[in-house]
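To start, the structure itself, in structure tokens.
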Amino acid sequence: MTAGDDVERPGRAGEEATAGPEPVRGRARLRSAMHPRATRAQGVAALLCGVLGFAAAVQVRSTQDEGLAGLRQTDLVRILDDVSERGARLQAEARDLQETRDRVAGNDRVAALDEARDRARVLGILAGTVPARGPGIELTVTDAAGQVGSEVLLDTLQELRDAGAEAIEISSVGGPAVRVVASTSFVDAGQPGSGAGVEVDGTLLAPLYRFLVIGDPSTLQTALEIPGGVLEVLDQRGAQGVVTQEQSVDITSLRVTPSPRYARPAEADQGSADDG
Amino acid sequence: MIAALGLVLGIIAGLFLEPTVPTWLQPYLPIAVVAALDAVFGGLRALLDGIFDDRVFVVSFVANVVVAALIVYLGDQLGVGSQLSTGVVVVLGIRIFSNAAAIRRHLFRA
């Protein structure tokens, strides 16, 4: 059928039989064929080689140019399937990413930030790091007999906390003021009954004491006035407590944010694991 | 020599004339090129064997191209066109390699 077919058998047989002189003969034949001669064989070979070169060049060019145009219908269908499937996949991915982006960058982020700020403000009020304002009471405690010691002030404070006080400041009228927080301590400055005053968190407060309290005014007042309550105890000690309800109490004294040296926030999930 | 010249001329003509391949020919042209390449390698080997015959070369060249195109056409009609053209290319590639090996042994003794 082909030249390769026609020559394959004799060529291989001849090569194996006469391996030695064959290459020389082959080269000589090639050299002789290289000499341009206007034989019919040369012309025909040139023509067919020209056709081959032409077709190959055209094919290479069309392959480079056209891409999809030269493909078969089945191939095109397969490619179309692939492309549409990939398109659907990418579309789904794009949708996911878009949702994620909206969640991260959209309104939710602003809301989260606002919530965090609100929390920080609320915690700041509890920790005494930000000023507070709101309805509440002013409690003034006179101490004519010098009988109001640290334990009385502490009881007063507990009573106020029980009644829902949210921010408390203790001051001596005309003197220093101390913001009351969870760790606030009361220490008698001198001998009991001396009237030397009370150290609150290391700050010496002398009578008259003044409590500024933010909370529900009527609840706070009621808590102080109950029988056996703070005001009655003060009365028994020769002191006097005066409660005035205020529409707006300003607590301006601040406390530096304590930075814990040892305690660190524990991971939430770790804590629950320990609990379980 | 003239054959090599013809090959170069054909390539140049194909590159510079930029003819458009007709649609009906598009599936067959690549296979036909590979088949013709096989025929040319066979002819070169026959030349080195000293049994080159221009009549055999022409017939094998044309028959190669026609049969290759026919197989692809038949494959297209049967719905296995791409597989069958792959098979044709593989077979022709093997023949080209074996012919090239024979030519190499002739020229380089290796």
Averaged across the residues of B:82-90, what count of C-beta atoms belonging to other chains lies within 10 Å of each residue's C-beta? 1
Please give the Cα centre distance for segment A:132-200 versus segment B:44-110, rounded to the nearest Å. 109
Would you mind ranking B:Tyr28, A:Tyr209 by Cβ crowding within 10 Å, fewest neighbours first? B:Tyr28, A:Tyr209
Computed Rg/Rh of segment A:134-251, alpha carbon atoms with Kirkwood Rh: 0.93
For the protein assembly as shown, just the Cα set please: Rg and Dmax, both in angstrom. 52.2, 144
Whole-number D in µm²/s for chain B (Stokes-Einstein; Kirkwood sum over Cα pairs; 4 °C, 1.567 mPa s): 85
Per-residue mean of C-beta atoms belonging to partner chains within 10 Å, peptide B:29-41: 5
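Quick note: the coordinates plus some simple rules give every number you see, no bench work behind them. Being a predicted model, the structure only gives us computed values, none of them experimental. As a convention, Cβ positions derive from the backbone with ideal geometry for all residues, glycine included, and neighbour counts pool all protein chains shown.
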